[in-house]
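The values are calculated or read from the model by the stated rules, or taken from the named source; none is laboratory data. The model shown is predicted, which means the values in this text are computed figures rather than measured ones. Here the Cβ positions follow ideal geometry from the backbone for every residue, glycine too, while neighbour counts run over all protein chains shown.
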Amino acid sequence: MPQIVVSKFGGTSMGDAICMLRSAEVVQKQNSSLVVVSATSGTTNDLIALGKLAQAKSWIETEVVLSKIRGRHIKIAEDLKLSPALRESLNVLFNEMESIAKGVHLLRDCSIKAMDTLMSLGERMSSVLFVEALSQVFKNHRLEKVACLFDVREVLRTDEAFGKARPLTEEIIKLCHQKITPLISSNQSVLVTQGFIGMTEDGMTTTLGRGGSDYSAAILAEGIGANILEIWTDVAGIATTDPRLCPAAKPLDEISFKETSELATFGAKVLHPATLLPAIRKNIPVFVGSSFDAEAKGTWVRKEVRAQPLIRALALRKRQVLVTLTTPEMLHAHGFLYQIFKVFNDHKVSIDAITTSEISISVTLDDSALLNKKLIADLSEIADVHVEDNLALVSLIGNNINHTPGLSKRIFETISDINVRMICLGASKHNFCFVVNEDQGVMAIQRLHAKFIEEQGPEA
Ligand code: ADP
Ligand code: ASP
Ligand code: MG
């Protein structure tokens, strides 16, 4: 029985006809069974802009974005010489996009439900184009294989949390076995499907949250019992830090599931933070590589890895706020933390780092959480609330971090001129993080990278 490989391609790997053909060559070479694609680069942002314009601006302004999105896809369709049948499928999606935009414009209301259906068009359009690219590559290699479009909403069941829906794992596994496994078992058909989107029990389209295609691919890998999950992007693997922040960043050969979960949660955009959940559950090794340079080594993410460096990588999470809650009632009392966390839970807001004193607690949140005014109002009923913004969370990720004497000293010596607003150490042996002003975040990462990675060598 050949290995079952699920390959996911991000937006830049789908950027134009050349990118799509290059990605399709990777699918052929890797002998993938299931291909999960993102929207073409920039399209999800444009679809969001489309919804907002349709709601608040004139139809003329709305149409500008509508034709920009349509034009981008038509150009790829023409470059690929799309078959008439696929061209028809694309037209159906164009019509749906225009109808939704018109509906939103008439009602002047782009609900989160409408936005999800609108955003889903990005992946639905790109997958149609990718079927063509893959068919051509199979033909050029004189292979009998067939590229088939598969609507992921047939299997990717979610709850009704539009905008950030939660996959219903058991249901998905059942549906994958029923609907995908029979199609790929002969190894003659390769399915091309959409990342990022799903469907509720009663047929409403949902999305998994921005960057969610990685997560979709991992869920599907779990669903079909894949042996390998591949994430193909625009960088040759997971690097010691974001190469955009620090040119000296180097791709890692390997990194553990646990370290990667920390890295993704604490800001490394290269993987959606939830991607590792299904991979860990089913122990599926994940490969991260560049579709632009498929020969480059890339990174393997596995349960067990050879080296256990103290510091393997660094991450920066920008746009953070620090919310400090103070109440003298916390003195020698119990239940205060429960009340605070209940409010965050009720508002579905996730907290990243926490510190406490006798009468106060500070937590970091993404600044978008503050758009929810009711959150602060509810917290104010329990304690005095103080909010500091324009912050960033700097994380060092590695092994045995909370049991290594002298590490804190070396870290803070390196950034002794930067004010550290809050520190979080102890909960994980894989993570040490602290909060600084956002405009000093990149400098902190560069200095720490020089000290802990460049001086030691990666994976030292
Ligand atoms: P895709 O569209 O393929 O999903 P993303 O833009 O979501 O790609 O993720 C790839 C980007 O993640 C890279 O271009 C890089 O700038 C960024 N990134 C952040 N941290 C890291 C890291 N540690 N290693 C590699 N890339 C990283
Ligand atoms: N297209 C979606 C986004 O831009 C999902 C993804 O690319 O992973 O967020
Ligand atoms: Mg991504």
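List of remarks:
- Scanning segment 115-124 for any residue that is away from ligand 2 (no atom under 16 Å from the Cβ) and either surrounded by fewer than 20 Cβ atoms within 10 Å (Cβ to Cβ) or touching a residue at least 40 places away in the same chain (Cβ under 8 Å) (or both) turns up nothing.
- Selection count where residues are more than 9 Å from ligand 2 (Cβ to nearest atom) and assigned to a helix (DSSP H, G or I), scope segment 23-46: 9
- Cβ-Cβ under 8 Å pairs, at least 6 apart or on other chains, segment 235-253 side over 13 Å from E454 (Cβ atoms), far side among the aromatic types (F, W, Y): D253/W300
- Test: residue in segment 319-333 that is of a type in the set (G, A, S) and surrounded by 15 or more Cβ atoms within 10 Å (Cβ to Cβ): no
- Qualifying residues in segment 265-277 (those that are within 15 Å of ligand 2 (Cβ to nearest atom) and farther than 11 Å from V301 by Cβ) - the one nearest to the chain's Cα centre (by Cα): H272
- Screening segment 207-254 for residues that are over 18 Å from the mean Cα position of the chain (by Cα) and aliphatic (A, V, I, L, M) and picking the one that is farthest from ligand 2 (Cβ to nearest atom) gives A248.
- Residues of segment 203-215 satisfying the condition of being small (G, A, S) and within 11 Å of ligand 1 (Cβ to nearest atom): G211, G212, S213
- The set of residues from segment 291-312 being farther than 20 Å from E454 by Cβ, surrounded by fewer than 20 Cβ atoms within 10 Å (Cβ to Cβ) and not aromatic (F, W, Y) comprises D293, A294, E295, A296, R302, K303, E304, R306.
- Note on segment 341-396: residues that are of a type in the set (S, T, N, Q) and within 26 Å of the chain's Cα centre (by Cα) amount to 7.
- Wholly within segment 353-453, strands (runs of 3 or more DSSP E) carrying at least 3 residues that are more than 20 Å from T324 (Cα to Cα) and not β-branched (V, I, T): 384-398
- Residue in segment 147-167 that is surrounded by 15 or more Cβ atoms within 10 Å (Cβ to Cβ), assigned to a helix (DSSP H, G or I), modelled with pLDDT of 95 or more and in contact with a strand residue (DSSP E or B) (Cβ under 8 Å, 6 or more places away or on another chain) present: yes
- The residue pairs whose first member lies in segment 199-218 and is on the phi > 0 side of the Ramachandran plot, whose second member is more than 8 Å from ligand 2 (Cβ to nearest atom), and whose beta carbons are closer than 6 Å, counting only pairs six or more residues apart or on different chains, are G209/K164.
Every residue, every condition in (1) of a type in the set (G, A, S); (2) in contact with a Leu (Cβ under 9 Å, 6 or more places away or on another chain); (3) within 16 Å of ligand 3 (Cβ to nearest atom); (4) more than 28 Å from A353 (Cα to Cα), yes or no:
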site: G195; (1), (2), (3), (4): yes, yes, yes, yes
site: T206; (1), (2), (3), (4): no, yes, no, yes
site: S213; (1), (2), (3), (4): yes, no, yes, no
site: A218; (1), (2), (3), (4): yes, yes, yes, no
site: G225; (1), (2), (3), (4): yes, no, no, yes
site: A236; (1), (2), (3), (4): yes, no, yes, yes
site: A264; (1), (2), (3), (4): yes, yes, yes, no
site: I284; (1), (2), (3), (4): no, yes, no, yes
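- Segment 284-307, residues that are in a loop (DSSP other than H, G, I, E, B) and out of contact with any helix residue (DSSP H, G or I) (no Cβ under 6 Å at 6 or more places or on another chain): P285, F292, D293, E295, A296, K297, G298, E304, V305, R306, A307
- Scanning segment 170-213 for residues that are touching a Phe, Trp or Tyr at 6+ places or on another chain (Cβ under 9 Å) and among the charged types (D, E, K, R) gives K179, R210.
- For segment 22-60, the set of residues classified as over 20 Å from A217 (Cβ atoms), crowded, with 19+ Cβ neighbours inside 10 Å and more than 16 Å from ligand 1 (Cβ to nearest atom) consists of L50, G51, L53, A54, listed by residue number.
- Any hit, segment 274-282, residues being in contact (Cβ under 8 Å) with a residue 12 or more places away in the chain, within 13 Å of ligand 1 (Cβ to nearest atom) and buried (at least 23 other Cβ atoms within 10 Å of the Cβ): yes
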